[in-house]
Amino acid sequence: MAVNLLDFDLDGLAAYCEGLGEKRFRAVQLFRWIHQKGASDFAQMSDLAKSLRDKLAAAAEVRPLPVLTEQASADGTIKWLFDVGGGDAVEAVFIPEDDRGTLCVSSQAGCAVGCRFCSTGHQGFSRNLATGEILAQLWFAEHHLRRRLALKPGERAITNVVMMGMGEPLQNYNALVPALKVMLDDHGYGLSRRRVTVSTSGVVPMMDRLRQDCPVALAVSLHAPNDALRDELVPLNRKYPLQELLEACNRYLESAPRDFITFEYCMLDGVNDTDAHARQLIALVQGHVRCKFNLIPFNPFPASGLKRSPRERVQAFAQILADAGLVTTVRKTRGDDIDAACGQLAGEVQDRTDVQRRMTRRQPIRIHARPAPGAASAKETSS
């Protein structure tokens, strides 16, 4: 099979070109054609020597992912389903806003972490994506949207990338890091480290490696204020409990492009959304790690057995955190009418982990009873 040039960061492409007898500046030209101009036909690359174009045509390709479906939400969000072969397909989502365009990118076909509230996790895990398959999502979306939106030359459609699609990025570390380097490279997509975010459920050793190899913005899927509950919601916590996770967050901050870690917190009705949970969160992080909280309305799916926290409960929870001096935002749900919102990406996965049987054997999560209307104390109702 021909070599897929999307698999290379600039150093990797330079090494490949050297093997063809070409100097590094030729690799830079080729890299720009691929990533800045979206070219896949070597014949179009007019400033490359014909001899090099012939070599490339014989041995290499820029291999896109076939687009199986495209869905557009009423709010402008677009979701693509990409075929990655072997019966697997992954999803990527473009979220337009007034001041940015964000692409949510998948790193795996499925996910092995198995968080209770995540549709991807309930599908199981098939395989890691290659670097080229991660980058192909950005390559397609950027250049497709430039044409679709009739952008001027040099104008970007995508200003932010979040590795928050299908999969746990840090469990596909060797493919992730070259992809991040292409996103950041000025000859590639030229994104700021502050505008590329890796989301992790807390793979502590890989957080430490990312800090050294390619520190970008970091979001941690927290979702619980104590180990007992997080063990149930995020099974990886049994391997890397909260104390170890917070220590890794502090180490990461030594090199991070932002001076805080974002903690993602999915609001689950009666499970992790009480005032007591909010106070436990404050005790967990205050004075221990610089952070902000992003509260995420849960996007229900039948297999989860969970419900979304009422809007009033989310706001009350946020207020408790804010009153304690913690920066707290509530994520606006986008693309939920096309199942493109947080936790809804499922794609099509040939599960190799028997996840359905294992999940059905789990004990149900204990739901805390809500106080009857009017039973809350004056202190609770004023928060």
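Just so it is clear, none of the values below were taken in a lab; they were calculated from the coordinates. Just so it is clear, the structure is predicted and the values come from calculations on it, not from any experiment. Neighbour counts run over all protein chains shown; Cβ positions are idealised from the backbone, glycine included.
Details
- Using the alpha-carbon positions of the range 105-152, Rg (one decimal) and Dmax (whole number) come out as 14.6, 44 Å.
- Label-to-label distance, nm, for residues given as ALA322 and ALA150 (7 Å Cα→Cβ offset): 4.0
- Calculated FRET value between LYS292 and SER51, using beta carbons and R₀ = 51 Å, to 0.05: 0.45
- Here the contact order of the chain, divided by its residue count and restricted to Cα pairs under 8 Å and six or more residues apart, works out to 17 percent.
- Note on the chain: Rg/Rh from C-alpha atoms, Kirkwood Rh, equals 1.00.
- The loop-placed GluC sites (Glu not before Pro) in the range 216-311, going by DSSP, that have at most 12 neighbouring Cβ atoms within 10 Å of their Cβ come out as GLU254.
- Entry for the range 98-182 at q = 0.15, 0.17, 0.18, 0.20 Å⁻¹: log10 I(q)/I(0) = -0.59, -0.72, -0.78, -0.90, Debye formula applied to identical alpha-carbon scatterers, no solvent contribution.
- Among GLY85, GLY12, GLY190, the residue with the largest mean-square fluctuation in a Gaussian network model of the chain, with springs joining Cα atoms closer than 10 Å, is GLY85.
- Residues THR131, THR197, ranked from the fewest to the most other C-beta atoms within 10 Å, line up as THR197, THR131.
- Packing here is the average count of other Cβ atoms within 10 Å per residue, and on that basis the peptides 271-277, 20-26, highest first, run 271-277, 20-26.
- Within the shell defined by Cβ-Cβ distances under 9 Å, the residues around PRO178 carry a net charge of -2, with Lys and Arg each +1 and Asp and Glu each -1.
- Within the chain, antiparallel bridges make up roughly 45 percent of the DSSP beta bridges whose residues both belong there.
- Hull volume in cubic angstrom per residue (convex hull over the Cα atoms of the range 3-61): 70
- Above-threshold pairs, the threshold being 30 Å between Cα atoms, out of LYS79/LYS152; LYS79/LYS239; LYS239/LYS292; LYS152/LYS292; LYS55/LYS79; LYS79/LYS181: LYS79/LYS239; LYS152/LYS292; LYS55/LYS79
- Cleavage-rule hits (GluC sites (Glu not before Pro)) in the range 115-170: DSSP loop, at most 16 neighbouring Cβ within 10 angstrom: GLU155
- For the residues LYS79, LYS292, LYS152, a GNM of the chain with alpha-carbon springs under 10 Å puts the largest fluctuation on LYS152.
- Subtracting the Cα-Cα distance of ARG24 and ARG209 from 0.36 nm times their residue separation leaves 63.8 nm of extension gain.
- Net charge of the neighbourhood of ARG32, taken over other residues with C-beta under 14 Å away and scored Lys/Arg +1, Asp/Glu -1, is -2.
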